[in-house]
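Let me begin by presenting the structure, written as structure tokens, before commenting on it.
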Amino acid sequence: MTSILPVPCLDHLVLTVEDVGATLSFYQKVLGMEPVTFGDGRQALSFGNQKINLHPAGGKIDPTASRPAPGSADLCFLVDLPTEALQIHLDSLGIVPVLGPVRRTGATGPLVSVYVRDPDGNLVEIARQETSGTSGTETPILFESDRLLFRNFHLSDKDAVHGYASDPSVTRMTYWGPYTPSETESFLRRAIRGVSETPRSFYDLAIVAKERGPLSPPVGGCKLHVTDRQNREAEIGYYLEQKSWNRGFASETARALLSFGFSRLGLHRMVALCFVENRGSAHVLEKIGMTREGTYRKHRRKEGRWVDSFLYSILDSEWKSLPENGNRNGTGGACP
Ligand SMILES: CC(C)(COP(=O)(O)OP(=O)(O)OC[C@H]1O[C@@H](n2cnc3c(N)ncnc32)[C@H](O)[C@@H]1OP(=O)(O)O)[C@@H](O)C(=O)NCCC(=O)NCCS
């Protein structure tokens, strides 16, 4: 039946609350809503094209619902965040979910939901829409190269990551490690937390070899950290399990990071550091067109000694003029 009164969306709803300040703070921290003041000093939480008006319990706003009561609402909000990143976000706020992640059915399709309670005890369902190709633990591919896929880490990567992150032959010339199991887990939690940042500054990504299958454990990790957003600068790095060395994977990874940073993030300059003794890594950085700018002298401690590092860099204009990027019209522009 076609209605004569189609309702395109919900404009706002009203929550009756015991403590307006506590409610504002909860929804601001947990769901990134923005507190707004309107009318006669009334308060609301704005998100998307909707808002929640807050009525203090026992207040004098008229008219109101017949039986307004704090803690009687059951609401569902959609977020565009991998479920694991949401769990880590809640964990970092000290919020223990009531339930979830669980599969639910939303207004337009399947959801993966986590339930929490707000300060009044209202039930707040935080859901991600499941589309084809995603699930509660989906791992979207951010970019790819001929033989490799680059995706966000998830907690189930722990064994694979610990395999290389605890291997002294891998970490001999890295600024971190070798990791204990709890350090590996902390690294993964930090990396997953980076996914929920807007704009995102820390891309710590799993490197997956296509030949082993898209769902196979990572063969290594890489990073692109936006270190200076105003000047559009980032630092890159890469680490591979030992059995994947000398197959050109680091060079392929580093090239893919440059391409992602310059063409997708609109960066101006990318840098990389390597121990002066790390001949393999220095060779990779030179091979992909980076220039050695100089030496940081004894600037980091590693296993009880001060380390010298080479600083390499490449500018967007230099990257665009590399033969493999010939005639590319770069996008430039600001970081997202
Ligand atoms: C360094 C590392 C990333 C290199 O990865 P990789 O996939 O083997 O590198 P690639 O195969 O793409 O290229 C390495 C190049 O360096 C060369 N190389 C390797 N070791 C070398 C050495 N000791 N001296 C000179 N050249 C060396 C290789 O021959 C190859 O050159 P080519 O492509 O011209 O043949 C890998 O060994 C690794 O993960 N090491 C541990 C972590 C680490 O050091 N990360 C870098 C931190 S800055």
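The values are calculated or read from the model by the stated rules, or taken from the named source; none is laboratory data. Predicted model, so just to flag it, every value in this text is computed and none were measured. Don't worry about glycine lacking a Cβ; one is built from the backbone with ideal geometry, like all the others, and counts go over all protein chains shown. Side chains are part of the model used for accessible areas, which takes the heavy atoms of the whole protein and leaves out ligands, DNA and RNA. Shrake-Rupley method; radii C 1.70, N 1.55, O 1.52, S 1.80 Å.
Name the residues in region 251-287 that are near the ligand (Cβ under 6 Å from one of its atoms), surrounded by 22 or more Cβ atoms within 10 Å (Cβ to Cβ) and in a helix (DSSP H, G or I), would you?
Ser281, Val284 - these are the residues of region 251-287 that are near the ligand (Cβ under 6 Å from one of its atoms), surrounded by 22 or more Cβ atoms within 10 Å (Cβ to Cβ) and in a helix (DSSP H, G or I).
Any residue that is more than 23 Å from Leu24 (Cα to Cα), among the aliphatic types (A, V, I, L, M) and open to solvent by 50 Å² or more (accessible area, probe 1.4 Å) - is there at least one of those in region 103-121? So that I can check it myself, show each step before the final result.
Applying the first criterion (more than 23 Å from Leu24 (Cα to Cα)) to region 103-121 yields 103-112.
If we keep only those that are among the aliphatic types (A, V, I, L, M) as well, we get 107, 111-112.
Add one more test, that the residue is open to solvent by 50 Å² or more (accessible area, probe 1.4 Å), and what stays is 107.
Yes.
Check whether at least one residue in region 62-73 is in a strand (DSSP E or B) and either among the charged types (D, E, K, R) or at pLDDT below 95 (or both), and report yes or no.
no
Would you mind telling me which numbered condition in (1) away from the ligand (no atom under 16 Å from the Cβ); (2) at negative phi; (3) not in a helix (DSSP H, G or I) Tyr239 fails?
(1)
Can you name every residue in region 227-237 that is out of contact with any Asp or Glu (no Cβ under 6 Å at 6 or more places or on another chain) and surrounded by fewer than 23 Cβ atoms within 10 Å (Cβ to Cβ)?
Asp228, Arg229, Gln230, Asn231, Arg232, Glu233, Glu235, Gly237
Give region 301-315 a look and list any residue that's of a type outside the set (S, T, N, Q), on the phi < 0 side of the Ramachandran plot and surrounded by 10 or more Cβ atoms within 10 Å (Cβ to Cβ), or say none. Can you show your working first?
From region 301-315, those of a type outside the set (S, T, N, Q) are 301-308, 310-312, 314-315; that's our starting set.
Still in the running and on the phi < 0 side of the Ramachandran plot: 301-302, 305-308, 310-312, 314-315.
Matches in region 301-315: Arg301, Lys302, Trp306, Val307, Asp308, Phe310, Leu311, Tyr312, Ile314, Leu315.
Pick out the one residue from Gly194, Gly177 that is assigned to a loop (DSSP other than H, G, I, E, B), without any contact (Cβ under 8 Å) to a residue 24 or more places away in the chain, surrounded by 17 or more Cβ atoms within 10 Å (Cβ to Cβ) and not assigned by TED's automatic domain parsing to the domain that holds Leu86.
Gly177
Of the conditions (1) of a type outside the set (Gly, Ala, Ser); (2) touching a Gly at 6+ places or on another chain (Cβ under 9 Å); (3) modelled with pLDDT of 95 or more, Thr331 clears all except one; give me its number.
Unmet for Thr331, out of (1) of a type outside the set (Gly, Ala, Ser); (2) touching a Gly at 6+ places or on another chain (Cβ under 9 Å); (3) modelled with pLDDT of 95 or more: (3).
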